[in-house]
1. May I ask you to say which residue of G50, G24 is in a helix (DSSP H, G or I) and either of a type outside the set (A, V, I, L, M, F, W, C) or under 8 Å from the mean Cα position of the chain (by Cα) (or both)?
2. I want to confirm something. Restricting to segment 53-66 and keeping residues that are of a type outside the set (A, V, I, L, M, F, W, C) and assigned to a helix (DSSP H, G or I), which single residue is farthest from L4 (Cα to Cα)?
3. Taking the options V65, V26, V55, name whichever one is without any contact (Cβ under 8 Å) to a residue 40 or more places away in the chain, surrounded by 14 or more Cβ atoms within 10 Å (Cβ to Cβ) and in contact with a strand residue (DSSP E or B) (Cβ under 7 Å, 6 or more places away or on another chain).
4. Kindly provide the set of residues from segment 1-17 that are under 13 Å from C59 (Cα atoms) and at pLDDT 85 or above, ordered by number.
5. Residues being over 15 Å from E7 (Cα atoms) and surrounded by 13 or more Cβ atoms within 10 Å (Cβ to Cβ): count how many of those fall in segment 29-38.
6. Does segment 49-62 include one or more residues that are touching a Phe, Trp or Tyr at 6+ places or on another chain (Cβ under 8 Å), at negative phi and modelled with pLDDT of 95 or more?
7. Can you tell me which condition G17 does not meet? The list is (1) part of a helix (DSSP H, G or I); (2) without any contact (Cβ under 8 Å) to a residue 12 or more places away in the chain; (3) not acidic (D, E), and all the others hold.
8. Return the residues of segment 8-41 that are in contact with a Leu (Cβ under 9 Å, 6 or more places away or on another chain) and among the charged types (D, E, K, R); say none if nothing qualifies.
Amino acid sequence: MSILFPEIKVQLTGTDGNAFAIIGKVMKALKRANVSKDDRDKFMSEVMSGDYDHVLQTCMNTVTVT
């Protein structure tokens, strides 16, 4: 699967491993990049639909994780 917004880079190293902190960093990056509210809502719906591994996979499928 290709990355939805490869031009948006988010550094997750150093994040405390808290799923909500990770989601927050990605959401902040999406807002900063002027991603539409509809696309941000789709991300939130998807990222919240599974476990911690699903959170990580969804983030990596949405933005470039560094």
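1. G24
2. Checked segment 53-66; the qualifying residue farthest from L4 (Cα to Cα) is D53.
3. Working: V65 fails: without any contact (Cβ under 8 Å) to a residue 40 or more places away in the chain; V55 fails: in contact with a strand residue (DSSP E or B) (Cβ under 7 Å, 6 or more places away or on another chain).
Only one candidate passes the filter, namely V26.
4. Answer for segment 1-17, where residues must be under 13 Å from C59 (Cα atoms) and at pLDDT 85 or above: S2, I3, L4, F5, P6, I8, K9, V10, Q11, L12.
5. Residues in segment 29-38 being over 15 Å from E7 (Cα atoms) and surrounded by 13 or more Cβ atoms within 10 Å (Cβ to Cβ): 0 in total.
6. Yes: segment 49-62 contains one or more residues that are touching a Phe, Trp or Tyr at 6+ places or on another chain (Cβ under 8 Å), at negative phi and modelled with pLDDT of 95 or more.
7. (1)
8. Of everything in segment 8-41, those that are in contact with a Leu (Cβ under 9 Å, 6 or more places away or on another chain) and among the charged types (D, E, K, R) turn out to be K25, D39, R40.
The values are calculated or read from the model by the stated rules, or taken from the named source; none is laboratory data. Note that the structure is predicted; figures quoted are calculated from it, not measured. Heads up, the Cβs are rebuilt from the backbone with ideal geometry, glycines too, and the neighbour counts pull from every protein chain shown.
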